[in-house]
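Report on the following structure.
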Amino acid sequence: MPNRLPRHLMDRILQLLEPLDILRCAAVSKHWNDVVHKSVYIQLALRQSLHQSQLYDGERDFPPGERLRRLITRETNLDLLRPRISQFDLPSDQVLHTVAGKYVITQPLNHHDPQIDAGLERDKEGRYTLCTIWTFNEPKKVKVSFKPYTDLFDLDAHQDVIIVQEDEGRGQDRKTNLRMRVLHLFNEGEEAQPWDQDAFRIQEEGWEGEEPHNVSLTIDGRVMIWCSGIVWIYDWKSGEKLGRIPPTSPTIWESNLGMAWAGNNIALGLDMPHDPSDQDLEHTEAYLAVFEVDTSYPGTSSLPLLLELPFCTDLLDDTVRDILDLPEDATIIARNGDHLPFLQRNGPLGLILVATEFIINEDAVWRLIIVLPTSELQKFELQKERRIPPPNVAWGNEWDPFAGLESIPYSTWSGHTYTWAEPAHSPNYYHGFYEAQNSLRLYHHDFALMNLHGLLQLTVLDFNQKRLRTIASDFKTLGGLGEIGEIETQADDRERRRPIKYKREVIQPIHGDRDSNLGCAEIGGQFVLGQKGRVNVMLFDGERLFLQQRTNGTCWILDFGVKEIVGMEGEIPRREGGEGNDIDESMGIEIDKTNEVENGCR
């Protein structure tokens, strides 16, 4: 027999390879395949790459075998829709904002009523509550001495930062000379402590309008602030201005519909240019603009890469007819007059989702939805050599900065997306949509069923293309990496809920003369929660799904994770339960077992 390297040396060498190369090595021989399948480190790396998922804070301290078990458990339960369901009381005047490890962070409800002082009340010391951090069922308020705009702020628990605009009494219709406050999120007392750079100002001439400001943080110390078509990008740690979209022009960018991050240096914009003097808002173009923020030229950004969207009248008609195979006499009407397209912004952005609504035969409201994995953007070559426009010069004219720029036709890049049309789930556009997103999964619930019957009908769309090549024929394997093993003990497994009407199907890519349109796996099931009421907020952190019913003062938790609970980085993991009350320590919330739902009954 030929001489073989010791297994531990082969193990170490294979760990240095990229996941795709490891899988190729596994196909060389039975011996190499055996090494790949029995190495905990290699399996951990492969599965993390396969699922596009990550280990959570605290999990990195576990032994590799335990890390692998946690990852497989989480992914298996997400595929089978097997959560542990619990609920806890959340005051109706609090709105779920963020979940991070053991922390639940809420913001005070903004009544948008000038008589109620924007929903803010001062304590005896004259301080305002900016947000509330819930740990072990104990609320801790984060208070500031200035009046903040609490309806739109952003925070990052891992960076220990919260950024909010200070209300300096000028009214929300005037945006010039804004003061943005930068504060620590976690403090020993209630008083929020400022960072070294405790504030920075944004001075924009003529920045006016009724729209409030939007604030969006990235993981690398940047913040994007936009309103009424003007976008500023700052380094919040130093207060340095990094870019403006678009460059300074005589007036604001009237056609901007929203912005989102899609990477450390990549910002997205949704746009349907129109002449502001056109009362009918006749749109003849629609774009997804991809900006590459250039930090070497503060105050500017590169010319955008424009991806044509099929949202304007002619393209919308052709695209919808092609997808739905409608009869010739069917009419398709775009809702440009009273409805704007939507760019989903609740990351982490593994997926870019854009959508618009239209009407079929004058009565049926439908949605056209396009999903583009962020990784697919790299295939467009962002053309880093594109020139940087000089400061104070607009790209095009004053109401359409994209005038004269060449776009990539939708027919050319649609093969990198998954596009479909479906009936609108709710008359309210912002409910019954794909409310939660994490990595390559989208989550949606049926708004009407939950509101009228307390029935949670959950739908998950999984766009992991590497998995689609294997799960269509054999669901018992995870991406071809071997059979699902014994993940949890039988006792742990009994605590999980099985969904009613569970279904799972792979939607194959659409093939034609052009490149293949990406497919996805659709997973669905129902859970009888028995508590009627609309879901106001839906969040997913990659392991747990949170649904807040504010009118009922309730927040539901669907936990797909393992038994051990992860806290912040460096903490020793704990187990639930013990003597006395049961504690869900992932949230630090005391769970009342009388509120749990078992087998569809209260």
Q.
Looking at segment 493-505, I want the residues that are closer than 15 Å to GLN457 by Cβ and have a partner that is in a loop (DSSP other than H, G, I, E, B) and small (Gly, Ala, Ser) with Cβ atoms under 7 Å, at least 6 apart or on another chain. Which pairs are those?
A. ILE500/GLY600
Q. Which one is farthest from ASP363 (Cα to Cα) among residues in segment 320-336 that are charged (D, E, K, R) and without any contact (Cβ under 8 Å) to a residue 24 or more places away in the chain?
A. ASP322
Q) Can we say VAL36 is surrounded by 20 or more Cβ atoms within 10 Å (Cβ to Cβ), in a helix (DSSP H, G or I) and at pLDDT 80 or above? A) yes
**Q.** Scope segment 285-322; condition among the charged types (D, E, K, R), in a helix (DSSP H, G or I) and at pLDDT 85 or above; matching residues
**A.** ASP317, ASP318, ARG321, ASP322
**Q.** Selected residue [at pLDDT below 90 and touching a strand residue (DSSP E or B) at 6+ places or on another chain (Cβ under 8 Å)] from HIS213, HIS184
**A.** HIS213
Q) Restricting to segment 191-202, what's the tally of residues that are without any contact (Cβ under 8 Å) to a residue 60 or more places away in the chain and either closer than 16 Å to PRO148 by Cβ or not in a strand (DSSP E or B) (or both)? A) 8
Q) Which residues, taken from segment 62-93, are closer than 19 Å to PHE540 by Cβ and in a strand (DSSP E or B)? A) ARG84, ILE85, SER86, GLN87, PHE88
Q. Consider SER53 against the criteria (1) touching a Lys or Arg at 6+ places or on another chain (Cβ under 8 Å); (2) crowded, with 20+ Cβ neighbours inside 10 Å; (3) at pLDDT 75 or above: it satisfies all of them except one. Which criterion is unmet?
A. (3)
Q: Go through (1) in a loop (DSSP other than H, G, I, E, B); (2) modelled with pLDDT under 85 one by one and return the number of the condition ASP492 breaks.
A: (1)
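The values are calculated or read from the model by the stated rules, or taken from the named source; none is laboratory data. Here the structure is a predicted model, which is why all the values come from computation and not from measurement. FYI the Cβ positions are ideal-geometry reconstructions off the backbone, even for glycines, and counts take in every protein chain you see.
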